[in-house]
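> One structure follows; several queries about it will come next.
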Amino acid sequence: MLQTRPFAAKSVEQISQQQFPFARPHDAEPPSEFAELRKKCPVAKTKLFDESDVWLITKHEDLKEVLTDNRLSKVRTHPGFPELSPGSKAAIEGREATFVDMDPPQHTKFRSMFAPWFTQEHSEKLRPSIRQKVDELIDGLERSGSKPVDLQENFSLPFAFKVIFDLLGIPFKDYKMLSSNIAVRASASGTARQAAAAQEELTRYMHDLVAEKERNPQDDVLSDVVKKYLESGDITRDQLVAHAFLLLVAGNATVAGMINLGVVTLLQHPDQLEALKADPGLWPGAVHELCRYHTASSFALRRVALEDVKVGDKTIRAGEGVIALNQSANRDEDVFEDPDRFNIHRSSNPHVAYGYGAHECVAMALALVELEEALAGLFRRLPGLKLGVAPGELKWSKSTGDVGLAELPVTW
């Protein structure tokens, strides 16, 4: 039987027999196996749910090497590509691929259709409207009257959706329907039938939305792609629907989760929070440090070898799966001074929370602006913001999943 819980002083041999993903020992602390592997065996084999082998890349330099090597493919339908559950393996069958699951030149072609809307320059242009959304949601918190309030439900998640809804040209009146279906689709506790029904409703909605953009184009991502690429035949309607769906669901939970983690972490470090209140110019560095420290999306950097590839002192054979562990790389002792310490004043922070290379998250610049505005706005408008429950009562995400909070009760 494969082990799933961490225990002290593991050998590389013991870790190799554990099932990946490894469990966090508690709260937001990364799995202890990561530090053990960085020290003893930076490129190591372990097991997935189906007992297949997978290579884990734990060091910063090795991760960058792997993520820029075109002999390692992002295409999930290639035999040997590492999936983390039976559901994710089944979900790719017959599904229209998006640029996140493509290799060049297809990846380059489709990503370039959407990338102009997520550049640093465009994200900065959106900052005033993003700040307005923050203020509107905080106005709602202040009007609610009842405390504690779940920040996840009443601020973090609707904020993330409001931003992407504006970009895609989705009316916010559809928020409850879309968010509930997205939650059902992503939930591990629902049935396969429920997940399939949610997926079907979401896909139908996105088909209707694309058709509406053809009839009535506006100033948004989908209207732009319809006009420039759908009408010319560079992208099919099914491909555009798949990409619209990707943009709708991909980053919302991560942005919302990082807002929640940011609130908790800054409350745990009051001296650094006071420094931010005194000097708002520190927020960009603080957000980068939060992303390094927590790495809320830590299982996305997966590849499969198309031919034999040497990484470090190990040879990854053609057809073997690879997972580049950015959460581990972001705690690499050879790159970050005192890596387990949260420090918004780091002079150098080359974190890889959003990946690295050609597949670095297309919306990274936008996500960083969202996090800066959300966290700065919360602590500016609600200076007495604090947890609404004891720290030990916080409900953390599943220990083998991405780090996060199921809910975040707060008061002020």
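The values are calculated or read from the model by the stated rules, or taken from the named source; none is laboratory data. What you are looking at is a predicted structure, and each value in this text was computed from that prediction instead of being measured. Ideal geometry is used to build each Cβ from the backbone, glycine not excepted, and the neighbour counts take in all protein chains shown. Each accessible area value is taken on the protein alone, full model and side chains, heavy atoms only, with ligands, DNA and RNA left out. Shrake-Rupley method; radii C 1.70, N 1.55, O 1.52, S 1.80 Å.
> What is segment 51-121's relative contact order, in percent, from Cα pairs under 8 angstrom and six or more apart in sequence? Can you show the working numbers first?
Working: 28 pairs, mean separation 17.3, N = 71.
RCO, segment 51-121: 24 percent.
> Related question: Taking the Cα centre of the chain as origin and charging only Cβ (+1 Lys, Arg; -1 Asp, Glu), how large is the dipole, in debye to the nearest 20?
Value, rounded to 20: 420 debye.
> I've got another one for you. Taking the dipole about the Cα centre of the chain, with the C-beta of Lys and Arg at +1 and of Asp and Glu at -1, give me whichever of GLY145, ALA23, THR191 is farthest to the positive side.
Checked the options; the winner is THR191.
> Hey, what's the per residue convex hull volume over the C-alpha atoms of segment 357-412, in cubic angstrom?
Numbers: hull volume 5.9 nm³, N = 56.
Each residue corresponds to 106 Å³ of Cα convex hull volume.
> Taking a virtual spin label 7 Å from the Cα of ASP279 along the C-beta vector, which residues in segment 240-260 bring their backbone nitrogen under 19 Å of it?
Under 19 Å, as judged by backbone N against the label point of ASP279, lies no residue of segment 240-260.
> With charges set only on the Cβ (+1 for Lys and Arg, -1 for Asp and Glu), what does the dipole of segment 27-81 come to about its Cα centre, in debye to the nearest 20? Could you put the intermediate results ahead of the total?
Numbers: 10 positive and 11 negative charges, 50 e Å.
In total the dipole reaches around 240 debye.
> Hey, could you get me the Stokes-Einstein D for segment 216-323, Kirkwood radius over alpha-carbon pairs, 25 °C and 0.890 mPa s, rounded to whole µm² s⁻¹? It would help to have the intermediate numbers written out before the result.
Values: Rh = 18.3 Å.
The diffusion coefficient I find is 134 µm²/s.
> Sort THR119, THR58 by heavy-atom solvent-accessible area, probe 1.4 angstrom, most to least. Show your work: numbers first, answer last.
Details: THR119 55, THR58 0 Å².
Listed by decreasing accessible area, they come as THR119, THR58.
> Report Rg(Cα)/(2.2 N^0.38 Å) for the chain, keeping two decimals. Please list the in-between numbers first.
Values: Rg = 21.2 Å, N = 412, 2.2 N^0.38 = 21.7 Å.
For the chain, the normalised Cα radius of gyration comes out at 0.98.
> Give, in whole angstrom and from largest to smallest, the semi-axes √(5λ) of the equivalent ellipsoid of segment 74-229, with λ running over the eigenvalues of the Cα gyration tensor. Mind dumping the intermediate values first?
Details: eigenvalues 168, 112, 52 Å².
That gives 29, 24, 16 Å for the three semi-axes.
> Provide, as a two-decimal number, the C-alpha radius of gyration of segment 1-125 over 2.2 N^0.38 Å, N being how many residues it has.
1.29
> Could you tell me which residue out of PHE172, LEU209, ASN154 lies farthest along the dipole of segment 139-225 toward its positive end? Charges go on the beta carbon: Lys and Arg +1, Asp and Glu -1, centred on the Cα centre.
ASN154
> For ALA318 and ALA183 in one chain, what is 0.36 nm times their gap in residues minus the Cα-Cα distance, to one decimal in nm?
Working: separation 135, 0.36 × 135 = 48.60 nm, distance 3.61 nm.
Taking ALA318 through ALA183 to full extension adds about 45.0 nm, to one decimal.
> Roll a 1.4 angstrom probe over the protein heavy atoms and tell me the percent of accessible area of segment 251-335 that is carbon or sulfur.
Values: 1460 of 2860 Å².
Summing carbon and sulfur atoms, their accessible area is 51 percent of the total for segment 251-335.
> Something else: Which one, PRO391, VAL304, THR411, projects farthest toward the positive side of the charge dipole computed for segment 277-412 from Cβ point charges (K/R +1, D/E -1)?
THR411
> Do any of LYS109/LYS176; LYS47/LYS162; LYS162/LYS228; LYS176/LYS386; LYS10/LYS314; LYS39/LYS89 go past 29 Å between their Cα atoms, and which?
Details: LYS109/LYS176 33 Å; LYS47/LYS162 39 Å; LYS162/LYS228 25 Å; LYS176/LYS386 27 Å; LYS10/LYS314 21 Å; LYS39/LYS89 32 Å.
In this structure, LYS109/LYS176; LYS47/LYS162; LYS39/LYS89 exceed 29 Å between Cα atoms.
> Now for a different question. Return the sequence-ordered ³J(HN,Hα) values of segment 404-412 in whole Hz as given by the Karplus equation 6.51 cos²θ - 1.76 cosθ + 1.60 applied to θ = phi - 60°, using x for Gly and Pro.
x, 10, 5, 7, 9, x, 9, 9, 7
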